[in-house]
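Computed from the coordinates by the stated procedures, all read-outs in this text should not be read as laboratory data. No experiment lies behind these values; they were computed from the predicted model shown. All Cβ positions, even for glycine, are placed from backbone atoms using ideal geometry, and neighbour counts span all protein chains on display.
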Amino acid sequence: MISALIFLPAAAAIFLLFIPEERARFIKGFSLVFSSLPLFLGLWLLLRFDPTYPLPQFVERARWIGSGLFYHVGADGISLMLLLLTSFLSPLAVASSFNYIKERQKEYYIMLLLLQTGMAGVFAAQNLFLFYIFWEAMLIPMYFLIGIWGGERKLYATVKFVLYTMVGSLLMLVGIIYLWKTSPDHSLYFYNLYSLSIPPGTQILLFLAFALAFAIKVPLFPFHTWLPDAHTEAPTAGSVLLAGVLLKMGGYGFLRLAMPLFPYAFRLFLPYLVVLAIVSIIYGAAMAFVQEDAKRLVAYSSVSHLGVVMLGIFLLSFKSYMGGIYQMLNHGLSTGALFLLIGMLYERTHTRDMGKLGGLAKPLPALAAFLSVTVFSSIGLPGLNGFVGEFLVFLGSFQVSKTAGAFAALGVVLSAVYLLWMYRRVMQGPVKNPAYMDLPKMNLREILIMAPIVVLFFWMGIYPKFFMGKFEKSARFMMEITQQKYKIVSIVEQGGAK
Amino acid sequence: MKALLGLIILFPAFGALFLVLFGRLLSKKLISWLSPSLVGLSFIASLISFFTLKSGTLLYLFPWLSVGNLQVDFALLWDPLSAVMALTVSGVAFLIHIYSVGYMGEDPGFARYFAYLNLFTFSMLLLVLSPNLPMMFVGWEGVGLCSYLLIGFWFEKETAANAGKKAFIVNRVGDFGFLLGIFLLFTILKDLNFSYINSHAQVLSPAMATAVALLLFLGATGKSAQIPLYIWLPDAMEGPTPVSALIHAATMVTAGVYMVSRLFPVYARSGFALDLVAWVGIITAFFAATIALVQNDIKKVLAYSTISQIGYMFAGVGVGAVSAGMFHLFTHAFFKSLLFLAAGSVIHALGTQDMRKMGGLRKEMPVTFWVFLIAALAISGIPGFSGFFSKDEILAQAFAKNRAIWAIGVITAGLTAFYMFRLIFMTFYGKPKGWRHAHESPPVMTVPMIILAFFSVVSGWIFAAFHHFLEGLGYVHLRELAPSAEHILVAVSVSLALIGIGVAWWVYVRRERGFNFGIIYRVLAGKYYVDEFYEVLFVTPYTQGSRAINRYFDKGIIDGAVEGSGKITMEGGRLLSLLQTGLIKDYGLWMAAGVILALTLAIRGLL
C-alpha cells in the first residue's frame, strides 16, 4: 500500500516516456491523476492508522541487495503526516504548471512525478540505506526542474543547489557506511540503530556529518544561501515542492536520525544548534524584509520559519517538539501557497519585482483575498494554522529557556513586518501600471488549487487536535529515544511492527 | 440556555463567512438588512443571557490546544465583566452597522465592508467571552486583523494602506509582550484559565506577578493605544468613520482595560504593576489631551481624545477601582462612538475633515449638532451627563489613592472640555468657511445617533447598579470617601470643565481665531515628534541594518565563501592540470621525484 503511494507517480512517469510530446492535454491530465492517487491512498492509510501505536505501521519489507539490506518502508505518525503533506502538495504543483510550462512539457511532468516518488520515499524509508537513496534520487529531478525550466540565472542556481546539497550528503554517506560496518545486523534499520552504543568521540564525528547534511537542507543559518537562488530561479511547482516538502527533510532528518542516533553528541552541540535556530529566525526575517523579488522574500521567510521548527525540535520539550512538527506541516502549506500565488501573479505580470507591482487587489480581488489569508497564516494569526505551531514552539522553548523563548518570539513581530510589507507593495496602493487593470481574473483551476489549502489553514488552526492526535504518540516516542529515557534493546524484530 | 452564548458569537460569525463567500452576488439591499440584523440578533441573545444566565456560566465547545500539560479549551464564559462587555459591544456594533448602511451606501466595497464589520463583531465578542488567555488572544488578534483590514479599507490610498500596516505591526509589538506574559504565567501556574489564574494569584511571587503583569500590559498599551504604543491610533483615522467609531473608539481599543480588569488579582498582587498602570494611564490621558488641543482634523481631535479617555480608564483600574474604570469604558463607548458618528455625519455632508473649512453648520445639520453637543457635554463631565459620573468616580478614587494622579486627571478634564468645545465652536458656530451646501444626514444615520445620544445621558445614572453588578466578580471594590470630600472634588472638576468650555467659547466664538504660542504650538502640532523619534530609533536602523547585512554579509561574506570554495576547487584543478603535459619525459621526471621523496621519507623513518 505504502509502496504504491511512493511508486505510482514514478510508474506513471515511465509510462509517459512512451507518450508523444504533442499530446500535451493527455500528459497533463494523466500526470494530475497519478500525482493525486497517492493522496487518496494516503487518506485511506490515515483512516486505518492506529494513533495509539508509536512505531511504524503499514510496514513493507522485501529482500533486496543482500549484505543485510532490505527494501523496507512504513510510516509512523510523523512520517504519515509528512507523506500526506507530500501527496497533497504534489498534485497542486502539477496543476499549477498547466499554463506556466510551455516547453518540453512531457519531460517536465516526468520530472515532477519522479520528484514526488523521491520525496515520499524519504519519509517512508525505514533504513538508512533506502533513506539515502531516496534523498539523493530526489535531487536529480529537482536539478532538471530548476536547470531546464528555471529563470535567467538558472544554471548558477542549480549548480549552487546541487553542490551545497552534495557536500552535505557525501559526508552523511561516509557516516552511513560506518554505521553499516559497525552495526551487528547490517540492516541499517532505524530502530535497530537507535540501540547501538556508539563511543562519544565517534558520535561527534558522525553527528557533525549528518547534522551538516540536514542543516543545509533545512536550511539553518549560515548554510542557507543556496535557498534564495534556487527558489527564485525554480519554476512555481519547483518552489512549491522545494519549500513545501524538501525543506522538511532537514527537520525530519534531525528528529529521525541525527538526534536519536547520536544523543550524546547532540546534547554536546545543543547550545550551538539553538543559537543557530534563533539566529535563523531573526536573520531570515531581517533579510526577507529587504528583498525586492517577492520569491526571494518568501525564500528568506522560510529560513525564519524553519528556524522556529528547528528550535522546537532541538529543545525537546514535548510542547515545542510537537509544535515544531506541526509547524513543518504549516510551513509546507502556507509557504507552498505563497509560492503558488506569486506564480499566478508572475504568469500575469511577468515580474516578481515588488517595486513594479502595486495596487493589484483592484484588478485581482480574489487573488488578493487568497494572498491575505495566506499571509496571515504565515504570520501566525490565531485561528489559522501557523499560530498553533508557533505558540507551542515558543511556549515550550520559553519553559526550557526564557531567553531562547523571548528571542524566538521576536519572530512574531518581524514576520508581520516583512509579510505585510510585501502585501502592501504588491496588492495595495494605487495601481502601478495601467496595463494591470486588464489582468485576467483568477480562473476556476486556480481557485480550486487554493481553496483546499485555505480550508486546511482554518481546520488546522481551529481544531489542531485532529492532526496532532495522529502523531502525538510517535513524537513522544522519538523524543524520548533522543532523551534516552529508556535504552532500547533492538526494539522490535525487523518488520515486527504490524 | 447556555447555548445562547454560542449564538452571541455565531450570528456575526455566520454573517462574516456568508458575506466573504457570497457577498459579491448579493444585492446591497439584502446586505444592508442581513448584516445589521445578525448583529442585532447577537445583541438580543446577549440581552437574554443577561437576564437568564447565572454568573460563571461556562459553555464548553471543544478542545483547542491540548499538548502535554497544556489544555486550552474553546469555551465561552458569562460573568458580570463579560456581560457588560458583550452588551456594550453588540449594542454599539448594532447601531453602527445601521449607520454604516447610510454612510457606506455609495461605496463599491459595500459587501466587503460589512463582511469585515461582522468579522470584527465576532472577534470582539470572542475576546470578551473567552474564559482563558489563549482564546482571548484569538479574539485579541482577530480584532487586530479587522482593524488592519478596515483601516486599509480604501487600500488604493497609500496613506490608508500604510496606516493599516502600521497599526498591525505596532500591535504586534504589544502582542510580543502579551505572548511572553502568557508563557510566563503558564510556566508558573500551569493553567491559563482566568478563574484559575485569579484564584491562584497569591501563588505568584510579587516579582513574578510584576513581570507577568507588565508583559501583558505591554500588549494592552498596543491594543488600547497608550504610551508608548499609541502611535498607530491617530493614523488609524484613515479608515471609514463608522469604523473609527466602533473599533477605534468604543470597543476594540478598550480591550486592554478589559484585560487588566479581567486579571486584576494578578496586577493587585504586584503593587508596582498597578501603580505603573495608573501612571501610564494618567500621563497618556494628559499627554494626548494636549495634542488634541491643536489638531485641525476633526477625526484626529477625536482620536487623541480617545487615547486620553482610555488613559483615564487605566488610571481608574490602576488605582484599584476596577468598576470605575469599567464604568468609564461603558459610558465612553456611547458618547465617543456618538462623537465619531456625528463627525462622520459632518464629513459625509461636506467631504472634508478639516475643521478650518467647516463652521456655521448648526442650522443646516440640527440633529447632528444637538447630538454632538450632548456627547461633548458628556465627555466634558458636565453633571447629569454620563461622562460626569464615570470620570468623577475615577477621579474620586484616584484622590483617595494618590493625589498627584488626581491632580493630573482634573487638569486633563479641563483640557478635554476645552478641545471638545473648540471642536464644536469651529464646526458648528461662526460663519461657513469654504462650503456652500450642507444637508442633514438621512434617518438611517441620524436615528442611531439619537439612540446613542440617549444613552450618552442615561448610561451614567445606573452607576450604583453598575458597581453592584461588577462586585459579583469578587475582586471589585471601591474606596469610600466622605460625602463632603466628594462634593469638593466634584466642584473642582466641574469648574475646571466649565472654565475649559468658557475659554474655548472666548477664543473661538468671541475672538474667532486661535492663539499662536510659537514653539509650544509647533511641538503640540508635531505631536511631540514621537513618530519621528521612533523612526530614527527603530525603523531606520532596522531597515538600513538589514540592507547592509544583506549586501555585505549575506551576499558578501557567506556567499563569497561559498563561491570562493568553488573557485579554489576550480583554480586548484586548473593548476594541477598543468602537470598533465602529455610528455612522457615530464611524467618520468615526476615519478622519479616521487620515488626519491618516498625513499627519503622511508629512510628517515617517517613512512
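Listed values, structure above:
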{"item": "Relative exposure of B:HIS97, B:HIS348, A:HIS331, B:HIS200, judged by other C-beta atoms within 10 Å (fewest first)", "result": "B:HIS200, B:HIS348, B:HIS97, A:HIS331"}
{"item": "Protection proxy ranking of B:46-54, A:339-347, A:164-172, B:596-604 - average other beta-carbon atoms within 10 Å, highest first", "result": "A:339-347, A:164-172, B:46-54, B:596-604"}
{"item": "DSSP-assigned coil residues among trypsin sites (Lys or Arg not before Pro) in the range A:72-162, each with at most 16 further Cβ atoms within 10 Å", "result": "A:LYS102, A:ARG104, A:ARG153"}
{"item": "Selected from A:ILE481, A:PRO141, B:ALA115, residue furthest toward positive end of dipole (the protein assembly as shown; charges at beta carbon)", "result": "B:ALA115"}
{"item": "Given A:LYS441/B:LYS157; A:LYS402/B:LYS391; B:LYS299/B:LYS431; A:LYS248/B:LYS157, the pairs whose alpha carbons are separated by over 31 Å", "result": "A:LYS402/B:LYS391; A:LYS248/B:LYS157"}
{"item": "Partner chain coverage, peptide B:66-74 - average Cβ within 10 angstrom", "result": "5"}
{"item": "Dipole magnitude of the protein assembly as shown about its Cα centre (Cβ charges: Lys, Arg +1; Asp, Glu -1), debye to nearest 20", "result": "800 debye"}
{"item": "Cα-centred dipole magnitude for the range B:280-379, charges only on beta-carbon of K, R (+1) and D, E (-1), debye, nearest 20", "result": "180 debye"}
{"item": "Helix A:105-124 vs. chain A, principal-axis angle (Cα, 0 to 90°, nearest 10)", "result": "40 degrees"}
{"item": "Long-range amide H partners of B:LYS157 with built H, under 5 Å", "result": "A:GLY429"}
{"item": "With at most 14 neighbouring Cβ atoms within 10 Å, loop GluC sites (Glu not before Pro) (DSSP) excluded, longest segment of chain B", "result": "B:107-479"}
{"item": "Qualifying GluC sites (Glu not before Pro) for the range A:60-159 [loop in DSSP, other Cβ within 10 Å: at most 15]", "result": "A:GLU103, A:GLU152"}
{"item": "Exposure proxy ranking, count of Cβ atoms within 10 Å, fewest first, for B:VAL92, B:VAL447", "result": "B:VAL447, B:VAL92"}
{"item": "Burial ranking of peptide ranges B:207-214, A:116-123, A:44-51 (average Cβ count within 10 Å, highest at the top)", "result": "A:116-123, B:207-214, A:44-51"}
{"item": "The range B:492-532-the range B:300-343 distance, computed between alpha-carbon centres (Å)", "result": "20 Å"}
{"item": "Cβ-placed point charges (K, R +1; D, E -1), dipole of the range B:134-223 about Cα centre in debye, nearest 20", "result": "100 debye"}
{"item": "Nearest-ten-degree value, helix A:154-182 long axis tilted from longest Cα axis of chain A", "result": "10 degrees"}
{"item": "Given B:LYS2/B:LYS166; B:LYS336/B:LYS363; A:LYS160/A:LYS319; A:LYS28/A:LYS473; B:LYS336/B:LYS357; A:LYS465/B:LYS336, the pairs whose alpha carbons are separated by over 32 Å", "result": "B:LYS2/B:LYS166; A:LYS160/A:LYS319; A:LYS28/A:LYS473; A:LYS465/B:LYS336"}
{"item": "Sum of -39500 (n - 2.57) over DSSP H runs of 4+, divided by residues of the protein assembly as shown (222 nm, nearest 500)", "result": "-23500 deg cm²/dmol"}
{"item": "Ranked packing of B:220-230, A:383-393, most packed first, by mean Cβ within 10 Å", "result": "A:383-393, B:220-230"}
{"item": "Rounded FRET efficiency, nearest 0.05, which uses the C-beta distance separating A:TYR463 from A:PHE26 and R0 of 35 Å", "result": "0.30"}
{"item": "Relative contact order computed over the range A:162-310 (Cα-Cα under 8 Å; 6+ residues apart), in percent", "result": "27 percent"}
{"item": "Averaged over A:460-472, number of beta-carbon atoms from partner chains that fall within 10 Å", "result": "2"}
{"item": "Low-density loop cleavage sites - trypsin sites (Lys or Arg not before Pro) in the range A:411-469, where at most 13 other Cβ are within 10 Å (DSSP)", "result": "A:LYS441"}
{"item": "Cα centroid of the range B:263-299 to Cα centroid of the range B:198-225, whole Å", "result": "16 Å"}
{"item": "Alpha-carbon centroid distance for the pair the range A:374-412 / the range B:536-567, whole angstrom", "result": "26 Å"}
{"item": "Peptide B:551-564 - average C-beta neighbours from other chains (10 Å radius)", "result": "3"}
{"item": "0 to 90° range, to nearest 10: angle between helix A:444-462 axis and chain A longest Cα axis", "result": "50 degrees"}
{"item": "Cβ-derived FRET efficiency at R0 51 Å, B:PHE538 paired with A:TRP64, nearest 0.05", "result": "0.30"}
